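One structure below.
Every number here is computed from the coordinates shown, using simple stated rules; none is lab data. In this text, all values refer to a predicted model and were calculated from it rather than measured experimentally. Cβ sites come from the backbone with ideal geometry, for glycine too, and all protein chains shown count toward neighbours.
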Amino acid sequence: MDDPAPPHQLFDTILVLDFGSQYTHLITRRLRELNVYSEMLPCTQKLADLTWKPKGVILSGGPYSVYASDAPHVDPEVFNLDVPILGICYGLQELAWHFGKNVLAGEKREYGRAALNIHPRNGQEAHVSRLFEGLPDDMDVWMSHGDKLSRLPDDFITIATSANSPYAAIAHESKEYYGVQFHPEVTHTPKGTQVIRNFAVSICKARQNWTMEAFRDKEVERIRKLVGPKGQVIGAVSGGVDSTVAAKLMHEAIGDRFHAVMVDNGVLRKDEAKQVKQTLTKNLGVNLTVVDASERFLSLLKGVEDPEKKRKIIGNTFIEIFEEEAKKIAKEAENTPRAGNIEYFLQGTLYPDVIESISFKGPSATIKTHHNVGGLPEKMNLKLIEPLRELFKDEVRAIGTELGIAEELVWRHPFPGPGLAIRIIGEVTPEKVRIVQEADAIFMEELKAGKTKDGTSLYRDISQAFAALFVDKAVGVVGDQRLHGYVIALRAVKTTDFMTAKAYWFDEEFASRVSDRIGNEVQGVARVVYEWTSKPPATIELE
Ligand code: GLN
């Protein structure tokens, strides 16, 4: 059977070679936002090993100095590909190094905003480089470098300058090699996307046909080919957007030969197992088995206070149960005349996981391989199928909408694998689980009903919110009776990448309504507090 074609063979692709900058993934994201498909590979990629041809190559920034003896360098074959190249920061310096070793340490680092003057300056009648078409003569850009070009490489011209960088942008116009000292991929360069569009669309002539509609059709086809006419696939679903989208895609491709399993571990949100069943079975038609193992989990968690222990118990028990269930399903599947064996395990890997595992970590670093859920597929002798591995989170959401998944689910806040067990500090008991579930349900209901000043729901405006339970009890008064009850902590944060996050501010009316409702409606709660630490120093979850 032919190997089913991955996106880089179906869509015009810009290859981003990563030299270890913290911004490299943003280059790929900006391209995707322009509907141009892009993939990232480490700078050490040998081009002879590439089975596809990019429409253009971008060399990223990086923390090294090109002139250092252990600095990473691009495979010189890149210059024989006969496609346009754009070097960004280290990438620009790498171009200059390749074409004449013209790079030195600067006298001082240039970090932050700079004014870029695009040549020719106002009033002159020469031509503007195609890289800067449609841009003003002066624009703000973001710089972050310490090295600089000592002179222009042969046959290159200067196409922009800044006060500190006489070679802020250079070009070899006949070969279509371009270099910029600034970072067009960051939002601190407000018109940076136009520079990237000029490179990808006008210079590389990449078609802007990367849409989730096109991807969906091609991916469904790819899954069908991969699994074959009889193969079967098993996968876990959690109710989160990634696993729901992956499950729906599998269902579109192979119908009931995809078996979804949901394990109710007793520390899910209120009514979650019921809701997931409703959504996946009734609304999306996915073949789903729900295993209610809540008692098994809760009895194993009895007396356990250490968060790491809680995580381990939940993770290992999950694998055990999933394996038991998979065996049952496989047995039944064997008796289905039209289908073959279960050969694949569905995994909801996203592109950021792939990027994390292949990004360039340094000249001597060994590259970390991507780990999968507790080694389960290997243990069960299953092959992995990862239909979302080329997608960023926002693309998963877009395809979810495309697949007709309800908006509420598509925009659902993240929920940790160990569930409420890590939102209950200390021992997990059925009573504490009930209290957190109820308090959380009230908080979510109010967040969904509440609006920001410009009319978006608070839930959408917030990146992640939840109720948690602190370990100590406090005193309260209910109906003239002293209550020694639990302390509920509410947390809500706003973030773009979940690496850093800021606590969200509510107005007084909203905050007191939520607090009053939890105090009145959830039996056993004596206090409601708001947890307003940012990340760092805190993490988003409590344990
Ligand atoms: N390390 C190089 C310098 O300091 C490149 C920096 C970068 O790519 N951001 O100039």
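Close amide H pairs (under 5 Å, H built 1.01 Å from N) link Leu86 with Val57, Ile58, Leu59, Tyr178, residues at least 5 positions away or on another chain. Normalising the average separation of contacting C-alpha pairs (under 8 angstrom, six or more residues apart) by the number of residues puts the relative contact order of the range 210-329 at 23 percent. Treating r as the C-beta distance of Arg224 and Asn341 and R0 as 22 Å, the FRET efficiency rounds to 0.80. Here is the list for the range 272-330: trypsin sites (Lys or Arg not before Pro) lying in DSSP coil, each with at most 13 other C-beta atoms within 10 angstrom of its C-beta, are Lys302.
Among Ser165, Ser202, sorting on how many other beta-carbon atoms sit within 10 Å of each Cβ, with the fewest leading, yields Ser202, Ser165. In this structure, the amide hydrogen of Val529, modeled 1.01 Å from its nitrogen in the peptide plane, lies closer than 5 angstrom to those of Ile488, Ala489, Leu490, counting only residues at least 5 positions away or on a different chain.
Placing pseudo-labels 7 Å out from each Cα toward the beta carbon at Ala163 and Glu305 gives an inter-label distance of 5.9 nm. Angle between the Cα long axis of helix 24-33 and the longest principal axis of the chain, 0 to 90 degrees, nearest 10? That helix lies at roughly 80 degrees to the long axis.
Rounded to whole numbers, the Karplus 3J(HN,Hα) couplings from phi for the range 457-471 are 5, 4, 4, 6, 6, 8, 7, 7, 9, 6, 9, 9, 10, 7, 6 Hz, using 6.51 cos²θ - 1.76 cosθ + 1.60 with θ = phi - 60°, and x at Gly and Pro. Cβ-to-Cβ counts within 10 Å put Glu445, Glu176 in ascending order as Glu445, Glu176, the fewest first. Computed from phi, the 3J(HN,Hα) profile of the range 401-408 under the Karplus parametrisation 6.51, -1.76, 1.60 (θ = phi - 60°) reads 5, 4, 7, x, 7, 4, 3, 4 Hz, with x in place of Gly and Pro. Mean sequence separation of contacting Cα pairs (under 8 Å, at least six apart), scaled by the length of the chain, corresponds to a relative contact order of 11 percent.
Which pairs in the list Lys46/Lys101; Lys312/Lys473; Lys361/Lys383; Lys277/Lys502 are over 30 Å apart, alpha-carbon to alpha-carbon? Working shown, then result.
Details: Lys46/Lys101 22 Å; Lys312/Lys473 27 Å; Lys361/Lys383 28 Å; Lys277/Lys502 34 Å.
Result: Lys277/Lys502 exceed 30 Å.
Along the range 40-54 the Karplus relation, 6.51 cos²θ - 1.76 cosθ + 1.60 evaluated at θ = phi - 60°, assigns HN-Hα couplings of 10, 9, x, 4, 7, 4, 7, 6, 5, 7, 7, 8, 9, 10, x Hz to successive residues, with x for each Gly and Pro. When Trp505, Trp411, Trp97 are arranged by Cβ crowding within 10 Å, least crowded first, meaning fewest neighbours, the order is Trp505, Trp411, Trp97.
Once backbone amide H atoms are built at 1.01 Å from N, Ala501 has Lys535 as its partners under 5 Å, excluding neighbours fewer than 5 places away on the same chain.
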